[in-house]
Amino acid sequence: MSPEERAFQERVDRGEKIEPKEWMPEGYRKTLIRQMGQHAHSEIVGQLPEGNWITRAPTLERKAILLAKVQDEAGHGLYLYSAAETLGVSRDELMEKLHSGAMKYSSIFNYPTLTWADMGAVGWLVDGAAIMNQVPLQRTSYGPYSRAMIRICKEESFHQRQGYAIMMKMAQGTPEQKEMAQDALNRFWYPSLMMFGPSDKDSVHSAQSMAWKIKMNTNDELRQKFVDETVPQAKYLGLTVPDETLKWNEERGHYDFAEPDWDEFFEVIKGNGPCNEERLGARREAWDKGAWFRDGLTAYAEKAAARRAASNVAAE
Amino acid sequence: MSPEERAFQERVDRGEKIEPKEWMPEGYRKTLIRQMGQHAHSEIVGQLPEGNWITRAPTLERKAILLAKVQDEAGHGLYLYSAAETLGVSRDELMEKLHSGAMKYSSIFNYPTLTWADMGAVGWLVDGAAIMNQVPLQRTSYGPYSRAMIRICKEESFHQRQGYAIMMKMAQGTPEQKEMAQDALNRFWYPSLMMFGPSDKDSVHSAQSMAWKIKMNTNDELRQKFVDETVPQAKYLGLTVPDETLKWNEERGHYDFAEPDWDEFFEVIKGNGPCNEERLGARREAWDKGAWFRDGLTAYAEKAAARRAASNVAAE
Amino acid sequence: KTAFFDWLCRMGDNSLILGHRISEWCGHGPVLEEDIALANTALDLIGHTQMWLGLAAEVEGAGRSADDLAFLRDAMKFRNLKLVELPNGDMAVTLMREFLFDAFHFELLTALTKSSSPRVAEIAAKALKEVSYHLERSSDLVVRLGDGTEESHARMQAALNKVWGYTGEMFAEDAIDDAVAEAGIAPALSDLLPFWQRTVGEVLEEATLRQPEQRFDAHSGGKQGRHTEHLGYILAEMQFLQRAYPGASW
Amino acid sequence: KTAFFDWLCRMGDNSLILGHRISEWCGHGPVLEEDIALANTALDLIGHTQMWLGLAAEVEGAGRSADDLAFLRDAMKFRNLKLVELPNGDMAVTLMREFLFDAFHFELLTALTKSSSPRVAEIAAKALKEVSYHLERSSDLVVRLGDGTEESHARMQAALNKVWGYTGEMFAEDAIDDAVAEAGIAPALSDLLPFWQRTVGEVLEEATLRQPEQRFDAHSGGKQGRHTEHLGYILAEMQFLQRAYPGASW
């Protein structure tokens, strides 16, 4: 470790925040860009599965709540891209990497939303898992990232409660609604567990990321915490978690549970999930079809600047 | 009149059919092309207002009937373009004139179909008016046109009965269905009367067309016939024709009725109808988006012909 | 009173259908800021819908709720302008449609803050704050894109030509408009026209766009329940759950 | 018996949803002959739907009709393949999707003419006549467009790549398939695979198209009621009138 690196690590260890202009190891910067970019991409791709039900929301109130949520997600994307930009990478560069497939987004968004109950399940489970990941990141070592996380976490926990409220309505509703609620849980349970990533035993970057406080907990820790919190919630809803092996382990003080199908996980990552093509296709199309719009704004800004300059000259 | 023209007129007067390769006055040819082309265009544009309800037809049976009807209309278009081609104008040329706006289609198709009852009203009134126009044209002087009309009329009267059956169901259905039926009649009554064209007093080409037996009756005659037949049908349905002046005239042996709003007619013809842009836009788009398809088939046909020629040479 | 109910439905249905159309963009905007702004605009409009249709349901007094009005009426009973139900097209159409409506909406709500009905005045005041921002944003974008690249200019001009014939309906008065105007509930729509024309004229000029020569009132009837063919598809989608699961609670 | 009902719904739903998709082309085809052929194909498929769902309703014996099954089930209860609910895309996608299904449909119906259920055999015999023609037509067009211009070739290849991952579901057997196969009602789907592969292989070769390397069974679940996001929109549109006017007669 070079003296600079040592000093850097000591600052991190002391819980100091690293700020944009300060020295940081290249690996730290790169890992952060990857992680924050991926997180930002997830927010904007994450608009799609929920956007899918906005036009079909069953009441005006639910429609408004869902719109507000999707708007928040786009907002989170904006915070995160801005935070990533402090590391010297532009939003357009990151977008380009999303569209080319060079950067990923959370694979959960490659699953379809098939019934209204999925709006509940996504809020409850997917946002729930996201919060589990994000809460510790409020204490992450990189200042802008930490501050973005603080803002985001506040909104996410609101989203999760709204999702749970939808599930409650569905689980206590008509037999058809209850069936949809159970089906949504069946479909989203394992993909939600996958959101924490493979077991740390198989994760290469984890140790370094944890030392840098880019990652605050192991994947398995967070997954266990998620299961421990979610199972009682499911019981309260009167729904059955689709895992026959699920059992409270008195000794461990945790639930024992089945691992998700990691083959499926890697298939989805590779692009073979149910909606990979739709999701990335939708984003690419939005970007391509929006080119004239972005170009138009840029051209106007340039003209306006030129006009201002000219009138300044004239005024002199 | 030249001797040729006189001989031609005598043949027409005797009720002989004129066939494609035979001599005919240029005006006769031109008028026929315009009339048959316009009729053909009407058939294919006419697919759109009804196509609008195929995916929303209320029963499988109704869906099948509507599909069969729209298919028939495309078929009629095909007969008529083929008949027109015997006069030395290609289908593509006619299409091009449709898309450029140089040729028209029946302005009735610029009105929207807003409820399922419109499928009834279109069949009953629009096909009804079309038949009124077409039945006499079975005796028109141009052979291919006459034969096309004979085939078409058979199917159209079938369509009209199906339309009337839909109206019957609606008029005898729930209050909402009855309301839709009445509303459909309200919206389609005057546009149907317009289908016969302005009063003959204002029609320039009529006299010559009638002498040539391209046109068999005056517009006003046909309109009167339509009203006389349709009013009792409306009564039987328990619906009210939206014309307060409508009254049986014992002396004339006909119904007196109000003229449609001819200003509206000319506005629609000019392109300001409710759906002109949608209809023509849909056809243009279909044509433009289909270019690669048509080109592909042509290219294959050429390659296949070349391959056959080559293998013939090889076989010699 | 029937007139008041009908008029409130017009207000609510305009917000609902325009909000629906704009919400179709969610996640598909040309740039992240637009995704946010479009979702926000749709959200505002759905909020207004809740207020207008809520009041409409009260005024009707037949035990229907705002949701019943939104989700259980078929197209013939909808009272929105044809303008707001037009398909989104590209962003140029979406924006131009919104701008032309915003400019009207702003004048209308401004006048409504002085409504003889305190409830109407209250809703209008709330909505006006948001709609002022809508108008600011949409006119700004119309200017920038109109005076942007050649392509953005051409698209904005094409969009303007496309929707222009639907704008006249905003100012077309019928017996219902007359009745609410007489009761002091709402302004005479024709009184708003010069203000709208001025705003639109100024913005289009700055945007280097040409006001179309075609009639601006070619298409109407939406307010009386005679819509375009598009509305039926909107409703089929929007109302599916309420129709498929009658009586369920969400 | 439940298996038989479910299996009949699969047959009927495939026809219904593919028929629906194809009918979306009405009036928008690339050439008049296609308008006719597409409407005709959709018509045939709706006819098959009436027969299959009619029999399903009988077998169920719960007083439901074919129309009830078509118009009053929500997406989770639909049993069609994901392949047939994919959006139409351009004509290349529509055609390729149809060809890959036709080639399967033809083999399936051929086998079903020897079903132990005389009713099934009878329906299959009727449908087979039409489906033979569908296959003839779609394979002919795949060849001509695949071996047409550079653009038509590229489009057909892109279409093939797009839908390929959905074809495996046609041959994926579950307990229901096993049950009807055991009862002699239907063939084992896996037995049809080699025939399908041969037809598809030959046609693609003649069309100068490359069989994709990706898995052909990447996407499944439709037969068990887990669909793509597209089906919900299809049903919202298709079922609107029956949902909005329950109990009405049409």
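The values are calculated or read from the model by the stated rules, or taken from the named source; none is laboratory data. Just so you know, these numbers come straight off a predicted model, no measurement behind them. Because the Cβ atoms are built from the backbone with ideal geometry, glycine has one as well, and the counts that use them run over all protein chains shown. The protein model used for the area step is the full one, side chains on, heavy atoms only, and it has no ligands, DNA or RNA in it. Shrake-Rupley method; radii C 1.70, N 1.55, O 1.52, S 1.80 Å.
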Neighbour net charge for D:GLN224 - beta-carbon separation under 9 angstrom, K R +1, D E -1: +2
B:ARG308 accessible area, 1.4 Å probe, all protein chains in place, Å² to nearest 10: 140 Å²
Radius, Kirkwood style, for segment C:191-250 when every pair of distinct Cα atoms is counted (Å): 15.6 Å
Solvent-accessible area of D:HIS153 with every protein chain in place, 1.4 Å probe, in Å² to the nearest 10: 60 Å²
For segment B:251-297, the Rg and Dmax computed from alpha carbons only, in angstrom: 19.5, 64
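Please work out the Kirkwood hydrodynamic radius for segment A:216-316, using every pair of different C-alpha atoms, and report it in angstroms with one decimal place.
On the way: mean 1/r = 0.0515 Å⁻¹.
With all distinct Cα pairs of segment A:216-316 included, I get 19.4 Å.
Could you order C:ILE22, C:ILE176 so the one with the most accessible surface comes first? Probe is 1.4 Å. Each step should come with its number before you reach the end.
Numbers: C:ILE22 0, C:ILE176 35 Å².
These residues rank, largest area first, as C:ILE176, C:ILE22.
Kirkwood Rh over alpha-carbon pairs of segment C:162-230, then Stokes-Einstein at 4 °C and 1.567 mPa s: what D in µm² s⁻¹, rounded to an integer?
Details: Rh = 13.5 Å.
Rounded, D is 96 µm²/s.
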Cα pair distances in segment D:125-250, grouped into 5 Å bins until the bin that holds the longest one, percent each: 2, 9, 12, 15, 16, 17, 13, 8, 4, 2, 0
Residue with peak Gaussian network fluctuation, chain B [Cα springs, cutoff 10 Å], from B:ASP72, B:ASP256, B:ASP127: B:ASP256
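So, with +1 on the Cβ of K and R and -1 on the Cβ of D and E, and no other charges, what is the size of the charge dipole of segment A:184-266 about its Cα centre, to the nearest 20 debye?
Working: 9 positive and 15 negative charges, 79 e Å.
Taking the Cα centre of segment A:184-266 as origin, the dipole is about 380 debye.
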Reduced Cα scattering model of segment D:20-61, Debye log10 I(q)/I(0), q = 0.16, 0.19 Å⁻¹: -0.47, -0.57
Amide hydrogen neighbours beyond the local backbone of B:ILE18, cut-off 5 Å, H modeled: B:TYR142, B:GLY143
For segment A:161-188 and segment A:39-53, distance of Cα centres in Å: 21 Å
Surface/4 of the Cα convex hull for segment A:72-227, nm²: 9.7 nm²
Which of A:TYR236, B:TYR164, C:TYR233 is most accessible, then next, and so on - probe 1.4 Å: A:TYR236, C:TYR233, B:TYR164
Angle in degrees between helix A:127-137 and the longest Cα principal axis of chain A, rounded to the nearest 10: 60 degrees
Where rotation carries C onto D, the chain C residue whose Cβ is nearest that axis, in whole Å: C:ARG243, 2
Per-copy distances of the D:TYR133 label point, shortest first, in nm (7 angstrom along Cα→Cβ): 6.1
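Could you give the DSSP H helices of chain D that reach 20 angstrom or more along their long axis (alpha carbon positions) and whose average Kyte-Doolittle hydropathy is no lower than 0.5?
On the way: long enough: D:2-23 (31 Å, 0.25); D:32-60 (41 Å, 0.43); D:91-112 (30 Å, 1.09); D:118-146 (40 Å, -0.02); D:150-164 (21 Å, -0.80); D:189-206 (26 Å, 0.00).
Helices passing the filter in chain D: D:91-112.
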Reduced Cα scattering model of the protein assembly as shown, Debye log10 I(q)/I(0), q = 0.06, 0.07, 0.08 Å⁻¹: -0.55, -0.76, -0.99
Principal axis box of segment A:69-145, alpha-carbon based, largest edge first, Å: 41, 32, 21
Charge sum, other residues only, whose C-beta stays under 11 Å from D:ASN88's C-beta, Lys/Arg counted +1 and Asp/Glu -1: -2
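What's the local net charge at B:GLU5, with K and R +1, D and E -1, over the other residues with C-beta under 14 Å away?
Working: positive: B:ARG6, B:ARG11, B:ARG29; negative: B:GLU4, B:GLU10, B:ASP13, B:GLU22, B:GLU26.
Computed value for this residue: -2.
How much of the DSSP beta bridge set in the protein assembly as shown is antiparallel, as a percent to the nearest 5?
Numbers: 6 of 8 bridges.
Taking every DSSP beta bridge with both residues in the protein assembly as shown, the antiparallel ones total about 75 percent.
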Rg and Dmax [Cα atoms of chain C; Å; Rg one decimal, Dmax integer]: 17.5, 54
Whole-percent carbon and sulfur share, accessible surface of segment C:146-245, 1.4 Å: 48 percent
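When only the heavy atoms of the protein chains count and the probe is 1.4 Å, how do C:TRP250, D:TRP25 rank by accessible area, highest first? Could you put the intermediate results ahead of the total?
Values: C:TRP250 15, D:TRP25 35 Å².
Largest accessible area first, the list is D:TRP25, C:TRP250.
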Label 7 Å beyond Cα on the Cβ vector: D:ARG198 copy-to-copy distances, nm: 8.2
For A:ASP263, inter-copy label distances in nm, listed shortest first [label point 7 Å out on the Cα-Cβ vector]: 7.5
Derived scalar couplings ³J(HN,Hα) [segment A:212-228; Karplus, 6.51 cos²θ - 1.76 cosθ + 1.60; whole Hz; x for Gly, Pro]: 7, 6, 8, 10, 10, 9, 6, 4, 5, 4, 5, 4, 4, 4, 4, 4, 4
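Give the average, rounded to an integer, of partner chain Cβ atoms located within 10 angstrom of each Cβ in C:34-41. Please report the intermediate quantities before stating the final value.
On the way: counts 6, 11, 8, 2, 4, 13, 5, 2.
What the average comes to for C:34-41 is 6.
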Rounded to 10°, Cα long-axis angle of helix B:60-85 versus longest principal axis of chain B: 50 degrees
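Report, in listed order, any pair from A:LYS201/D:LYS223; A:LYS21/A:LYS215; C:LYS114/C:LYS223 with a Cα-Cα distance greater than 26 Å. Numbers along the way, then the final one.
Values: A:LYS201/D:LYS223 38 Å; A:LYS21/A:LYS215 21 Å; C:LYS114/C:LYS223 23 Å.
As for pairs spanning more than 26 Å Cα to Cα, those are A:LYS201/D:LYS223.
Please work out whether segment C:28-110 counts as rounded, prolate or oblate from its C-alpha gyration tensor, where a ≥ b ≥ c are the square roots of the eigenvalues and a/c under 1.5 means rounded, while otherwise a/b larger than b/c means prolate and anything else oblate?
The shape class here is prolate.
Regarding chain A, what is the average projected area of its C-alpha convex hull, in nm²? Don't skip to the answer; put the middle values down first.
Numbers: hull surface 85.0 nm².
For the Cα atoms of chain A, the hull's average projected area reads 21.3 nm².
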